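The values are calculated or read from the model by the stated rules, or taken from the named source; none is laboratory data. All values derive from a computational prediction rather than experimental measurement. Heads up, the Cβs are rebuilt from the backbone with ideal geometry, glycines too, and the neighbour counts pull from every protein chain shown. Only protein heavy atoms, including side chains, enter the accessible area calculation; ligands, DNA and RNA are left aside. Shrake-Rupley method; radii C 1.70, N 1.55, O 1.52, S 1.80 Å.
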Amino acid sequence: MSLKDKTVLVVGCGGLGGYVIQQLGRMNLGTLIILDGDVFEKSNLNRQLLCTKSNLGISKAQVYADFLNDITDAKVISYFEKLDEHNANLINKADVVIDCVDSVKTRLFLADECKKRKKILIHAGVDGECGQAFICYPDKNTMHDFYANSGEVPHKTISFNVGLAASLETMLAYRVLTNDDEEYKGKIIIFDLPSGLIKVMDI
Amino acid sequence: MVKVKFFGTARVLLKDKEMEGDFKDVNEMVAAICVKYNVTKKDLKQYYIYVNEVNIAKLKKYKTELKDGDIVWLLSPASGG
């Protein structure tokens, strides 16, 4: 199967989601489903790709859907909704799901819903100038294990770091979609820019 | 000496990049960090620890022995998006 036959669901059109959607939109995919219940706010101007002064107050999902339709012939489906138990069945339609949310609670919910449906979930998280990315396979509890000891903590997000994490996330999605993900199974990509660290390690 | 490097929010919390010392195991190292930087074990619980690039969850967890030349990383799970 080529990428043209693939469907990707992006959950969240914020910092990570904006860059991921832009990159996926240029990959010749068949269908892109995007989901976000928020509108652009002034505080998003510092990092979110399509957050402009003229877009403030407008649905993020709608803005990215319009953008995608401008750059790709892929089928684009957008939902101005937050992910919850009422719309989690959207996951059934996807070959790969991408986590672009910004809370541990939502990530764990998303991981559970993907696991139930035996779908692969691609994760990235950022804080300041560091972060991580990994693939969650349905036969593992990677997301729960990873966040086992951490609650919701305030995080700083910086545009270049968000862009880096999103690129790694898109790369992992590409690997899965092209059946070339063997070297990332059971691995975590860790990056910490102040110390110059970017490393692939056993998770 | 064991070298302990702090990444992400661990570096912000401890206001330092790294420390060195002689520690019998990870437990002793964590105790030393608490004393040196005036933090509690609870403060450090959220970080995951790698010894020579292996997660201590796959070794003997906090009882993982440390020896001269080992490099320990304290990494923070980032949750922003």
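Taking the dipole about the Cα centre of the protein assembly as shown, with the C-beta of Lys and Arg at +1 and of Asp and Glu at -1, give me whichever of A:MET201, A:CYS114, B:ALA32 is farthest to the positive side.
Toward the positive end, the furthest listed residue is B:ALA32.
Cα-Cα pairs above 28 Å in chain A: how many percent?
20 percent
Taking H as built 1.01 Å from N, whose amide H comes closer than 5 Å to the amide H of A:VAL126, not counting residues under 5 places away?
Result for A:VAL126 returns B:SER79, B:GLY80, B:GLY81.
If you roll a 1.4 Å probe over chain B with all protein chains in place, what percent of the accessible area is carbon or sulfur?
53 percent
Rounded to the nearest Å, what's the spacing between the alpha carbon centres of region A:12-90 and region B:8-53? Just the number, please.
Rounded to whole Å, the Cα centres lie 39 Å apart.
What total accessible area, in Å², is buried where chains A and B meet, using a 1.4 Å probe and rounding to the nearest 100?
2000 Å²
Using only the alpha-carbon atoms, what does region B:2-75 span along each of its principal axes? Please give whole angstrom values in decreasing order.
Result, largest extent first: 26, 21, 18 Å.
Only helices at least 20 Å long along their own axis, judged from Cα atoms, and with Kyte-Doolittle mean hydropathy of 0.0 or greater: name those in chain A from DSSP H.
TM-like helix candidates: A:159-177.
Toward the positive end of the charge dipole of chain A, about the Cα centre and with charges on Cβ (Lys, Arg +1; Asp, Glu -1), which of A:VAL76, A:VAL63, A:GLY37 goes farthest?
A:VAL76
Just the number please: accessible area per residue for region B:2-75, 1.4 Å probe, all protein chains included, in Å².
Heavy-atom SASA per residue in region B:2-75 reads 56 Å².
Treating only the Cβ atoms of Lys and Arg (+1) and Asp and Glu (-1) as charged, compute the dipole magnitude of chain A about its Cα centre; round to the nearest 20 debye.
So the magnitude is around 180 debye.
Quick check: at a probe of 1.4 Å, how many percent of the accessible area of chain A sits on carbon and sulfur atoms?
48 percent
Within chain B, what's the longest stretch lacking trypsin sites (Lys or Arg not before Pro) that sit in DSSP loops with no more than 14 other Cβ atoms inside 10 Å?
B:25-44
Which value in deg cm²/dmol, rounded to the nearest 500, describes the helix-derived mean residue ellipticity at 222 nm for chain A, given -39,500 (n - 2.57) per DSSP H run of n ≥ 4 and division by the residue count?
Helix contribution divided over all residues of chain A: -9000 deg cm²/dmol.
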